[in-house]
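The values are calculated or read from the model by the stated rules, or taken from the named source; none is laboratory data. Quantities reported herein were computed from a predicted structural model and do not represent experimental measurements. Quick reminder, even Gly has a Cβ in these numbers, built from the backbone with ideal geometry, and neighbours come from all protein chains shown.
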Amino acid sequence: MSIAHRVRVEDVTVLSDDWYVLKKTTFSFRRSDGSWQRQSRETYDRGNGATILLYDPKRRTVILTRQFRYPAFVNGHDDLLIEAPAGLLDNAEPEIRIRAETEEETGFRVRDVRPIFDAFMSPGSVTERLHFFVGQYEPGDRTSSGGGNEAEGEDIAVLEVGIDEALSMIGSGAIRDGKTIMLLQYAALHLFPQTAQNGEIVAC
């Protein structure tokens, strides 16, 4: 259902165009009772992105990364952040971009890529829509050490973790990244025949 007729943009001011684009927009929104309400919001536009969970159904393992994230650090996370491989699309198709990003970060050449859903991760302020993928891997698919792009400040470690351990890491707080939690929960429901969670067996 389109709501374009309920939004009247009145003014847009660019506040920052350094790393990505921060805008302040004044607009009127037609409320459910038919009245128009003037509002002001800031939006951070960094483009859309993609993320993937590599999984090995035979060995019941997944591939994750560990890297420094300043926004998480400044908000009290005094550790590296454990995540699924991800990156911005930079105007490329999501599947093409996630293949390249995965190889750059992890060294794994992805054989099959399957889209599962897309989601707005922080719709109150960030415009990004994230495309989620899963793909099977085998140890022999790793063609390099990965590590990310040093010129962009990346210093990425690659982790191979059992699915049961990865799920327990969510409960312990070792994994706090939203996209990674969503992918691991999807894996528990759909990718592994039986997954232990908190001592219980969940049939998928």
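For residue 133, all conditions in the list (1) surrounded by 15 or more Cβ atoms within 10 Å (Cβ to Cβ); (2) in contact with a strand residue (DSSP E or B) (Cβ under 7 Å, 6 or more places away or on another chain); (3) more than 17 Å from residue 83 (Cα to Cα); (4) among the aromatic types (Phe, Trp, Tyr) hold save one; what is the number of the exception?
(3)
Could you grab the pairs with beta carbons closer than 7 Å, sequence gap of 6+ or different chains, first residue in the range 18-37 and aromatic (Phe, Trp, Tyr), second one not in a strand (DSSP E or B)?
20/46; 29/6
Can you tell me which of 108, 29 is more than 23 Å from residue 130 (Cβ to Cβ) and surrounded by 11 or more Cβ atoms within 10 Å (Cβ to Cβ)? Talk me through it step by step, then tell me what you get.
Working: 108 fails: more than 23 Å from residue 130 (Cβ to Cβ).
The unique qualifying residue is 29.
Within the range 78-91, track down each residue that is assigned to a loop (DSSP other than H, G, I, E, B) and modelled with pLDDT of 95 or more. Explain how you work it out, then say what you get.
At the first step, the residues of the range 78-91 found to be assigned to a loop (DSSP other than H, G, I, E, B) are 78-80, 84-85, 89-91.
Within the range 78-91, 78, 79, 80, 84, 85, 89 qualify.
Kindly evaluate residue 61 against the criterion of being among the polar types (S, T, N, Q), at pLDDT 95 or above, surrounded by 15 or more Cβ atoms within 10 Å (Cβ to Cβ) and touching a Pro at 6+ places or on another chain (Cβ under 7 Å). It would help to see each step written out before you state the result.
On the way: among the polar types (S, T, N, Q): yes; at pLDDT 95 or above: yes; surrounded by 15 or more Cβ atoms within 10 Å (Cβ to Cβ): yes; touching a Pro at 6+ places or on another chain (Cβ under 7 Å): no.
Taking the combined requirement at face value, the residue does not satisfy it.
Does the range 39-49 include one or more residues that are of a type in the set (Phe, Trp, Tyr) and farther than 30 Å from residue 164 by Cα? Step through it out loud before you land on a result.
Applying the first criterion (of a type in the set (Phe, Trp, Tyr)) to the range 39-49 yields 44.
Narrowing the set further to residues that are farther than 30 Å from residue 164 by Cα leaves 44.
Yes: the range 39-49 contains one or more residues that are of a type in the set (Phe, Trp, Tyr) and farther than 30 Å from residue 164 by Cα.
Quick one: in the range 131-167, of everything that is in a helix (DSSP H, G or I) and under 14 Å from residue 68 (Cα atoms), which residue is nearest to the chain's Cα centre (by Cα)? Reasoning before the result, please.
Taking the range 131-167 first, the residues in a helix (DSSP H, G or I) are 139-141, 150-152, 163-167.
From what's left, under 14 Å from residue 68 (Cα atoms): 150, 152.
Details: 150: 20, 152: 18 Å.
Looking at the filtered set, the residue picked out is 152.
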